[in-house]
Amino acid sequence: MSQVKLTVKEIARLAGVSIGTVDRVLHDRGGVSDETRRKIETIARDGDYKPDLIARQLSLGKDWRFRVVMPEDSQDSGYWKLCREGVDRAVEELAAYRVSVTVDSFDRYDRAACRNILASVAAEPGDGLLLAPVLPEDFAGFLDCLDPELPYAFFDGWIEGRRPRFSIYQDAFRSGYLAGKLLCLLAPRGILAAVNAHGEDIHIGRRIEGFLAALSDRGRLSVVGDCRRIDDSDSRHEFMEGLFARENDISGILVVNASGHHVGHWLSDEGRKAACALVSWDLVPENYRALCEGRIDCVLSQRPEEQTRIGLELLFRTAAFGSPVENERLLPIDVFFKENAPCAEPYRSAGTASLAKKERP
């Protein structure tokens with residue numbers, strides 16, 4: 001039986017090091033301990049490793065620089081931190097091609113700060129851009145300033161009428177429709193509410209459209225409320241009190257972004273959770289904790305780490321090789337309940353591991 005030849009990525013996994021460390025050893029760049037070097041060289045020799053000639057040629061000829069523009073890591077309950085982890089993974093996997101990535105983050109609630117970041121990026125865009133267009137109007141103006149030949153791509157959303165090299169995200173309408181179906185099952189009677197935290201985001205609006213379509217198909221009553229600063233305790237408390245004052249028969253709530261844990265805690269503190277199902281998006285650490293504790297009933301995920309990891313790999317492919325990629329890359333709609341919540345990072349924060357283990361059957 002012929003032996004399977006190893007790749008750089010597989011050597012890194014077997015040696016327990018990063019792809020960049022393997023690349024330094026294989027190309028004799030130094031900066032690696034003798035013990036690690038010997039280990040990598042042994043694995044490569046035994047695995048019949050053959051250099052990637054295309055990668056070698058590229059690495060000798062050019063440094064590739066890409067920029068990722070997205071909100072600050074801490075915003076949207078840490079959703080963007082998961083996106084940044086995908087960036088880090090992509091940088092490791094593209095190390096052999098001498099790729100570097102700069103992440104330009106901004107406060108999504110400060111449009112002036114966003115414009116300043118975009119102006120800085122426009123002045124020196126590098127070899128390509130991966131953009132999260134959470135403020136469509138400002139991003140549209142920014143795109144008008146770019147060289148038409150510069151490759152750029154969207155993740156987590158899109159801007160109508162623009163033609164990026166590709167976009168990578170989840171089908172927002174279908175995921176909103178699925179969320180509506182799930183909430184109908186979890187709360188078979190009463191009014192169902194959607195909490196909209198970012199009305200300016202096109203994909204958030206599409207999720208709500210899908211949610212309302214699912215409820216309409218099932219003859220369910222619905223209400224939609226806007227709470228732009230759902231992460232602010234005073235704004236959240238005022239909004240939730242007003243919501244229940246207007247509609248006293250609410251039996252289920254959909255939070256249309258990653259901040260469902262805030263609403264779950266409010267419902268629990270007010271003694272309303274037992275009578276109100278809650279569905280939210282994305283397994284940020286606090287949503288994971290709330291799911292395990294029963295404060296959230298169901299979480300849909302759009303794989304934020306994969307959006308940036310795959311997005312940068314595709315962007316590099318188009319910039320370096322001119323390789324065509326599909327205009328739209330749709331990610332699966334993952335659905336998690338307490339019983340099937342994943343057991344590994346980055347889906348849980350320190351301290352929730354024992355909780356999840358203890359509460360599972």
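The values are calculated or read from the model by the stated rules, or taken from the named source; none is laboratory data. From a predicted model like this one, the values you see are computed outputs, not experimental measurements. All Cβ positions, even for glycine, are placed from backbone atoms using ideal geometry, and neighbour counts span all protein chains on display. Heavy atoms of the whole protein, side chains included, go into the accessibility calculation; ligands, DNA and RNA do not. Shrake-Rupley method; radii C 1.70, N 1.55, O 1.52, S 1.80 Å.
How many percent of the accessible area of the chain is carbon or sulfur, using a 1.4 Å probe? Show your work: numbers first, answer last.
On the way: 7980 of 16720 Å².
Within the chain, the accessible surface is 48 percent carbon and sulfur.
Once you have a ≥ b ≥ c as the square roots of the Cα gyration tensor eigenvalues for the range 71-116, tell me rounded if a/c is under 1.5, and otherwise prolate or oblate according to whether a/b is larger than b/c.
Details: a/c = 6.34, a/b = 1.83, b/c = 3.46.
Taking the square roots of the gyration eigenvalues as a ≥ b ≥ c, the range 71-116 is oblate.
Please list, in order along the range 180-191, the HN-Hα scalar couplings obtained from phi with the Karplus expression 6.51 cos²θ - 1.76 cosθ + 1.60 (θ = phi - 60°), rounded to whole Hz, x for Gly and Pro.
Listing the rounded values in order: x, 4, 4, 5, 4, 6, 6, 9, x, 10, x, 8 Hz.
Restricting to Cα pairs below 8 Å that are 6+ residues apart, what does the relative contact order work out to for the chain? Please round to a whole percent. Mind dumping the intermediate values first?
Values: 643 pairs, mean separation 57.2, N = 361.
Worked out over the chain, it gives 16 percent.
Measuring with a 1.4 Å probe in the full set of protein chains, what accessible area per residue, in whole Å², belongs to the chain? Provide the component values of the computation, followed by the final result.
Details: 16720 Å² over 361 residues.
Accessible area per residue: 46 Å².
Could you tell me the relative contact order of the range 115-264? Use alpha-carbon pairs under 8 Å, at least six residues apart, and round to a whole percent.
Values: 227 pairs, mean separation 33.4, N = 150.
It rounds to 22 percent for the range 115-264.
Starting from the residue with the highest accessible area, list Asp226, Asp76 in decreasing order, probe 1.4 Å. Show your work: numbers first, answer last.
On the way: Asp226 115, Asp76 15 Å².
The ordering from most to least exposed comes out as Asp226, Asp76.
Roughly speaking, what is the stretch gain from Ser235 to Glu160, that is 0.36 nm per residue apart minus the C-alpha to C-alpha distance, in nm to one decimal?
On the way: separation 75, 0.36 × 75 = 27.00 nm, distance 3.07 nm.
Full extension from Ser235 to Glu160 adds 23.9 nm.
On a full-extension model of 0.36 nm per residue, what is the gain between Ser18 and Glu270, subtracting their alpha-carbon distance, rounded to one decimal in nm? Walk me through the intermediate numbers first.
Details: separation 252, 0.36 × 252 = 90.72 nm, distance 4.75 nm.
Gain in length upon complete extension: 86.0 nm.
Does anyone have the angle between helix 75-93 and the longest principal axis of the chain? Alpha-carbon axes, 0 to 90°, nearest 10?
Taking the Cα atoms of the chain, the angle to 75-93 is about 20 degrees.
Please give me the summed charge of the neighbours of Asp73: other residues whose Cβ is under 9 Å from its Cβ, Lys and Arg +1, Asp and Glu -1.
Residues close to Asp73 contribute a combined charge of +1.
Per the helix-only calculation at 222 nm, which mean residue ellipticity applies to the chain, given -39500 (n - 2.57) for every DSSP H run of n ≥ 4 and division by its residues, nearest 500 deg cm²/dmol?
Using -39500 (n - 2.57) per qualifying helix, the result is -14500 deg cm²/dmol.
Return the loop-located GluC sites (Glu not before Pro) in the range 90-170 (DSSP other than H, G, I, E, B) with at most 13 other Cβ atoms within 10 Å of their own Cβ; answer none if there are none. Please list the in-between numbers first.
Values: sites: Glu92, Glu93, Glu137, Glu149, Glu160; in loops: Glu149, Glu160.
When the GluC sites (Glu not before Pro) of the range 90-170 are filtered for loop state and at most 13 Cβ neighbours within 10 Å, Glu149, Glu160 remain.
Using modelled amide H (1.01 Å from N, peptide plane; none on Pro or chain starts), what sits under 5 Å from the amide H of Asn196, excluding residues fewer than 5 places away?
Hits under the 5 Å cutoff: Gly225, Asp226, Cys227.
Against the longest alpha carbon principal axis of the chain, how many degrees, from 0 to 90 and to the nearest 10, is the axis of helix 304-321 turned?
Between helix and principal axis, roughly 40 degrees.
Sequence-distant or interchain residues sharing an amide H contact under 5 Å with Tyr152, placed H: which?
Leu129, Arg165
What list of ³J(HN,Hα) values in whole Hz, one per residue of the range 208-219 in order, does the Karplus curve 6.51 cos²θ - 1.76 cosθ + 1.60 (θ = phi - 60°) give from phi, with Gly and Pro shown as x?
Computed from phi, the couplings for the range 208-219 are 5, 4, x, 4, 5, 5, 5, 6, 5, 4, 10, x Hz.
Report the local net charge at Arg303: Lys and Arg +1, Asp and Glu -1, summed over other residues whose C-beta lies under 13 Å from its C-beta. Mind showing how you got there, number by number?
On the way: positive: Arg89, Arg309, Arg329; negative: Glu85, Asp156, Asp171, Asp282, Glu305, Glu306, Asp334.
Computed value for this residue: -4.
To check you understand DSSP bridge types, tell me what percent of the beta bridges within the chain (both residues inside) are antiparallel, rounded to 5.
Working: 3 of 41 bridges.
Here the share of antiparallel DSSP bridges comes out near 5 percent.
What list of ³J(HN,Hα) values in whole Hz, one per residue of the range 111-120 in order, does the Karplus curve 6.51 cos²θ - 1.76 cosθ + 1.60 (θ = phi - 60°) give from phi, with Gly and Pro shown as x?
Using θ = phi - 60°, the values come out as 5, 5, 5, 4, 5, 5, 4, 5, 5, 5 Hz.
Of [x] 1.69; [y] 1.11; [z] 0.97, which is the value of Cα Rg over 2.2 N^0.38 Å derived from the coordinates here?
The listed entry that was calculated here is [y].
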